[in-house]
Amino acid sequence: GIRRSLRNASLLVSLCLTLSAFWCGYGVILVLAGQGVLAEPGDSRDALVPGLATCTLALLLVAVVGFLCREPVLALVAAAVSLASAHEVALHCSSSLGPSAVACGHLVVCLVGGYFALGRILYFLTKGKVALPGTDLAEKKARQQSRGSAGGTNHFAAPGLLLNVLSASVFCCRLLGVTHRLFLGHVPWLWAAGTYQIGICVLSYRAMDALMATAFGFTSILQFAAGYCLLYPTWQPEEPSFPTPFLVVFSILFAVLALFLSLQSPVDGLYLLVFVAYCIALACSPRGFFAGGPQGVAVAIFVASALVALIHLYNVRARAKIPTGKGAVKALLARCSLLKLREGPDLHAPYLGYSRYADAEVLAYACSVLASFALTTPGDPQAPLATVVIPWVVVAGGILKLLGGSVAFARGKTLESSAFILYAVMWIIWGLTRYGGLCGSARTFHAAVGIVAFMLFNGFVVFCSLFLNLAWFFYSLTFMLVAVSFLLDAVHALPAGYDTAATLVFGLVSFYCFLAALSSSTFEGCCLPVGRPMVQLSGVGAGATRCPHLPARKASSVKRIADILRNGGTCGIPTDTVYVLVAACNRPDAVEKAHRSKRQAQDRPMSLWISSLKQLEPAKHLFTPLLWDFMEAAWPSPISLVIPRGEWVDFLGMKDSAKYVGTPQSVAIRIPDCSVTTHLIDLVGPIVVTSANPTGEADTTHHNQVYAKLGDKVDAVLCGGPSPENIASTVVDCTKIDSGNIGFFRVGIIPKSQV
């Protein structure tokens, strides 16, 4: 399901991920039963029925949509597994029913799979002449393209919603009397749903749907907390209790997210309001998931999740969509001059080039809010696990914040990602040791030294945030207050109430950052202020607007880089090897600037690049036939040829630039095997090239490194992501080629034997 192309709207994604999640939980329960953990009579039945019932409903929805959208093979597989699950539920409810119907359902899956495999084999053997009905993927792909791609649609939302159905069914079955009690056997369903929802959260960021990704992150926290509550009574007789202030804050976060999500899709926004009611019901119940109130709201979540999942499943593939109210919101906001939604292909474009992920800062800030407010509950020192703190701190403050840090790093936000990852590690370690009862009442010097090390790292983050913005400065500074409370607790010197005050201050600052990130990602020109950098230095913070970073996949970006080069600028661009710094040959001032910025060593002169041998055609008579034939055979490729300097240089319009290129005796020239680079040369003319790093340093292999290494000495960067190769071009000495000799100044990606 994950490997399925994100550009191809398909029900296969939903089918694969849903089956994978259900079979994961089902398999773990069978393992527990086989190991004797579910020893009581009826335990296996009570454990399996909620998941099997949900599997029946979820796959039935996929099958119905599959039939409506004319995908018979997929629909048959989903319907067969759904019927098998339904018969297994009936088998557990009545022993008079035999397992034959269950086996028949799975046998249908085998037969359909065999039919599809046979169809594909015949298709390949006959080279497309024989194709069984439903197995011709080329026809299917053409039909999908004729319908048009579902731009901006999150294809992973439906499996995530079906996982909410799964977790809700555990509590629905208990409330309706289908199962006799909540116990350890239900934990695999809840934790499988939580684990897969974290995965779907990542995939939603890949689908550029930051708000739904944040929603799935929130609901995964609830799944892990529910599993923890059902696991706790296995080693303690009493049921765990919830910190009420935390759940009130969680409901506020859900409500704010629902408000912003309703601007994108009113149906999804209204759906999240059910979780607002769920958090309030949990806050009102001292024993949380074991009480009747939250279980009643779980029934509403079950129904709402199934309906919204059906809408998402149908809208992914159908030509005529079920309206979700998005058009009405757009029309309403169009009348308002104050609010304007962010839209367009550059909605999630990062500062440095492009990223495959949407921004995850909203989730990271929300996790800081949750973790900090969870720590405001002191709990019972004799029974630290009896108060549910670990899921909120470890899952929200730790795992999901690690996810936010990883996504921030992928988007080129080095400082933010470092801070998120540092804070995540701190939350995980402190949450497990302090609130997991690992350290007990003992306090040691070793723990204090570890916390001091974290404070030193965070001190560096606080210093760097001076160059970012005011909000980040206060965010990192208030976390220092939380770390101080950890340190004082470790040395038995914690004043009464200081830890609560510190976590509250950090939680409130994090909540403001959460609102600012949400508003800035949703509206244009209408966002909460985050402040300017407190310190501005040349090339740091203030230099952000001086060097545009443009995505190489856009023709408009290449055209803009060409304009900068024509006007005498120097630019970093991707090639078929590593990133290079270039200037236009007909701009001696730009060539001199590139030469000066590089501090060129005499043994590494600048080279000359052209896009085609046609640019040298007027001077062909100045080259020997052997050298010309060799150039035709060698290019385009990552091979630079060092040839004798001659009158041919004047045909390229180099003028005063010639003294900076090559040596007095020779010039290195190349045609790169990169369509972006050759197109740029077609627009500008021949270019002078040198590596995009100071002399003596390693080659530059990512667009993020160009500005980091050269600073304000580069006027723009064309961003192509990681370099296709980490090795530079091969440089061949062709000055004596007519006498039958060639040499090598540098052996790069092309070996000597190939040359």
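Which value, in debye to the nearest 20, gives the size of the charge dipole of segment 549-746 about its Cα centre, when Lys and Arg are +1 and Asp and Glu are -1 at the Cβ? Could the numbers behind the result be given before it?
Numbers: 21 positive and 20 negative charges, 105 e Å.
Roughly 500 debye, rounded to the nearest 20.
Could you pull out the trypsin sites (Lys or Arg not before Pro) across segment 595-680 that fall in loop regions by DSSP (anything but H, G, I, E, B) with no more than 14 other Cβ atoms inside 10 Å?
Working: sites: 596, 598, 599, 614, 620, 645, 655, 659, 670; in loops: 599, 645.
Those satisfying the criteria are 599.
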Response to the item:
If R0 = 51 Å, then residue 647 and residue 481, at their Cβ-Cβ distance, give a FRET efficiency to the nearest 0.05 of 0.10
Fill in: Euclidean distance of C-alpha centroids, segment 657-671 and segment 68-87, integer Å
68 Å
Worksheet item: Given a Förster distance of 35 angstrom, what is the FRET efficiency for residue 356 paired with residue 727, based on the Cβ-Cβ distance and rounded to 0.05?
Response: 0.90
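Could you work out what % of the accessible surface of segment 176-260 is carbon and sulfur, using a 1.4 angstrom probe and leaving DNA, RNA and ligands out of the count? Let's see the in-between values first.
Values: 1710 of 2460 Å².
Roughly 70 percent, rounded to a whole number.
For residue 31 and residue 104 in the same chain, what is the full-extension length gain: residue separation times 0.36 nm, less their Cα-Cα distance, in nm? Don't skip to the end; give the middle numbers.
Working: separation 73, 0.36 × 73 = 26.28 nm, distance 2.36 nm.
So the extension gain works out to 23.9 nm.
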Item to complete: Write down, largest first, the equivalent ellipsoid semi-axes of the chain in whole Å, where each equals the square root of 5 times an eigenvalue of the alpha-carbon gyration tensor.
Response: 55, 36, 23
Practice prompt. Starting from the Cα of residue 433, step 7 Å along the direction of its Cβ; do the same at residue 23; then give the gap between the two resulting points in nm.
Written response: 4.2 nm
Worksheet entry | Length-normalised contact order of the chain in % [C-alpha pairs under 8 Å, at least 6 apart] | 10 percent
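For segment 549-746, build the convex hull from the C-alpha positions and give me its volume per residue in Å³.
105 Å³
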Practice prompt. Using +1 at the Cβ of each Lys and Arg and -1 at the Cβ of each Asp and Glu in the chain, identify which of 518, 586, 246 lies farthest towards the dipole's positive end.
Written response: 586
Worksheet entry | Where a label projected 7 Å from the Cα of residue 563 along Cα→Cβ would reach, residues of segment 680-723 with amide N under 18 Å | 680-685, 715-719
Item to complete: Using label points projected 7 Å from each Cα along Cα→Cβ, tell me how many nm separate residue 532 and residue 335, to one decimal.
Response: 3.9 nm
Item to complete: Can you work out the accessible area per residue across segment 359-527, with the rest of the protein chains kept in place, probe 1.4 Å, in square angstrom?
Response: 37 Å²
Worksheet item: With point charges of +1 on the Cβ of Lys and Arg and -1 on the Cβ of Asp and Glu, referenced to the Cα centre of segment 359-527, which listed residue (419, 453, 386) lies farthest in the positive direction of the dipole?
Response: 453
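Work out the length of the dipole vector of the chain about its Cα centre, built from +1 on the beta-carbon of each Lys and Arg and -1 on the beta-carbon of each Asp and Glu, and round it to the nearest 20 debye.
Details: 54 positive and 40 negative charges, 302 e Å.
Approximately 1460 debye in magnitude.
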Discussion item. Probe radius 1.4 Å, ligands and nucleic acids ignored: give me the carbon and sulfur share of the accessible area of segment 549-746 as a rounded percent.
Written reply: 51 percent
Discussion item. Between residue 342 and residue 248, what is 0.36 nm times their sequence separation minus the Cα-Cα distance? Round to one decimal in nm.
Written reply: 30.8 nm
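Taking only C-alpha pairs under 8 Å that are 6+ residues apart, what is the relative contact order of segment 20-124 in percent? Let's see the in-between values first.
On the way: 86 pairs, mean separation 22.3, N = 105.
Across segment 20-124, relative contact order equals 21 percent.
Tell me the carbon and sulfur percent of the accessible area for segment 359-527, rounded to whole percent, probe radius 1.4 Å. Please report the intermediate quantities before stating the final value.
On the way: 4810 of 6340 Å².
It is 76 percent, rounded to a whole number.
Need the full-extension length gain, residue 682 to residue 178, defined as separation in residues times 0.36 nm minus the C-alpha distance. One decimal, nm. Intermediate results must be reported in sequence, preceding the final value.
On the way: separation 504, 0.36 × 504 = 181.44 nm, distance 7.21 nm.
Result: 174.2 nm gained on full extension.
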Fill in: Mean Cα-pair separation over length for segment 359-527, i.e. relative contact order, pairs under 8 Å, 6 or more apart, %
28 percent
Discussion item. For segment 549-746, what does the accessible surface come to per residue with a 1.4 Å probe? Please give it in Å².
Written reply: 43 Å²
Worksheet item: Once label points are set 7 Å from the Cα along Cα→Cβ at both residue 320 and residue 153, what is their separation, rounded to one decimal in nm?
Response: 1.6 nm
Practice prompt. Determine the per residue accessible area of segment 206-331 with all protein chains present and a 1.4 angstrom probe, expressed in square angstrom.
Written response: 35 Å²
Item to complete: Go through segment 690-755 and name the trypsin sites (Lys or Arg not before Pro) that are in a DSSP coil and have 11 or fewer other Cβ atoms within 10 Å of their Cβ.
Response: 736, 752
Worksheet item: Mind listing which GluC sites (Glu not before Pro) in segment 610-708 are in a DSSP loop and have 14 or fewer other Cβ atoms within 10 Å?
Response: 697
Discussion item. Name the residue from 331, 693, 708 whose Cα lies farthest towards the positive end of the charge dipole of the chain, charges +1 on Cβ of Lys and Arg and -1 on Cβ of Asp and Glu.
Written reply: 331
Item to complete: Compute the FRET efficiency between residue 68 and residue 127 as 1/(1 + (r/R0)^6), taking r as their Cβ-Cβ distance and R0 = 45 Å, and round to the nearest 0.05.
Response: 0.85
Worksheet item: Taking Cα atoms, how many degrees apart are the long axis of helix 157-175 and the longest axis of the chain, rounded to 10 and kept between 0 and 90?
Response: 10 degrees
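The values are calculated or read from the model by the stated rules, or taken from the named source; none is laboratory data. On a predicted model such as this, the values are computed, not experimentally measured, just so you know. Counting neighbours? That spans all protein chains shown, and the Cβs are built from the backbone with ideal geometry, glycine included. Surface accessibility is based on the protein's heavy atoms, side chains included, excluding ligands, DNA and RNA. Shrake-Rupley method; radii C 1.70, N 1.55, O 1.52, S 1.80 Å.
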